[in-house]
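Only the coordinates and a few stated rules stand behind these numbers; no lab work does. What you are looking at is a predicted structure, and each value in this text was computed from that prediction instead of being measured. So basically every Cβ, Gly included, is an ideal-geometry build from the backbone, and we count neighbours across all protein chains shown.
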Amino acid sequence: MKTNFKTNVFLDSFKGTQVGDNERKFADKAVLLLTEIVNNKEFVKSIEEAKFSYSTLYDDNGKYIKVSNEQILEIIRSGKERKTLPDSIINLLIILDDSLGGSTVGKVIPGDPTIRTNVLFFNYWIKKNDYLSLAAHWVHEWLMLQVFIIRGVV
């Protein structure tokens, strides 16, 4: 694993019918926090030591392959998005989606790099000043965009 490099997180696109200055400032705080987290030694250690019961990746060649904790961490740290070269940048394309209802926090569609975040959850997190939950949601969905299948820690 490389050392002494930094993974950046960029909010490349942030759209929705309810996006204004307050929403953008809140999203920017979540992105800053997410950048801190993915570069944190404790985060790295927690991924390295996790005991996942099942973890696979749908690779760029269209095959499911079993991946190790080190490979999961390398994809996160390298910012490797599907069918792109690693650039040490996690690129986020976000839509606050008011069509997602109920308990659906967010949604991704394979082949589309956009993360859809339920506006109801986003507004709740703003109200609670909980940008950690937003950061966690976005990194979870970003991993799903990479077509990871990771099941529980045993």
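When Lys and Arg each count +1 and Asp and Glu each count -1, what net charge do the other residues less than 12 Å away from Val105, Cβ to Cβ, add up to? Net of charged neighbours comes to 0. Scanning residues 5 or more positions from Val67 or on other chains, those with amide H under 5 Å from its amide H are Ser55, Thr56, Leu57, with H placed 1.01 Å from N in the peptide plane. Dividing the summed helix terms, -39500 (n - 2.57) for each DSSP H run of n ≥ 4, by the number of residues in the chain produces a 222 nm estimate of -12500 deg cm²/dmol to the nearest 500. The relative contact order of the chain, computed from alpha carbon pairs under 8 Å that lie at least 6 residues apart in sequence, is 32 percent.
For the chain, complete DSSP H runs whose alpha carbons reach 20 Å or more along their own long axis and whose mean Kyte-Doolittle score is 0.5 or higher are 131-145.
For the range 8-153, the Kirkwood estimate of hydrodynamic radius, built from reciprocal distances between every pair of different alpha carbons, is 15.8 Å. Listed from fewest to most Cβ neighbours within 10 Å, the set Ile90, Ile109 follows the order Ile109, Ile90. Neighbour counting of Cβ atoms within 10 Å sorts the residues Val67, Val19, Val9, fewest neighbours leading, into Val19, Val67, Val9.
Hey, can you grab everything whose amide H is under 5 Å from the amide H of Asp97? Only 5+ residues off in sequence or another chain; H modelled, so Pro and N-termini drop out. Placed amide hydrogens put Thr117, Asn118, Val119 under 5 Å from Asp97. Charged side chains reduced to their Cβ positions (Lys and Arg at +1, Asp and Glu at -1) give the chain a dipole of some 200 debye around its Cα centre.
Under a 5 Å amide H cut-off, with hydrogens placed 1.01 Å from N, Ile90 pairs with Asn8, Val9, Phe10 among residues at least 5 apart or on other chains. Among DSSP beta bridges lying fully in the range 11-132, give the percent that are antiparallel, nearest 5. Bridges in the range 11-132 are about 40 percent antiparallel. Which of Tyr124, Tyr131 has the fewest other C-beta atoms within 10 Å, and how do the rest follow up to the most? Lowest to highest Cβ neighbour count: Tyr124, Tyr131. Counting only lysines at least 8 places from Lys6 when in the same chain, those with an alpha carbon closer than 30 Å to its own are Lys15, Lys25, Lys29, Lys41, Lys45, Lys51, Lys63, Lys66, Lys80, Lys83, Lys107, Lys128.
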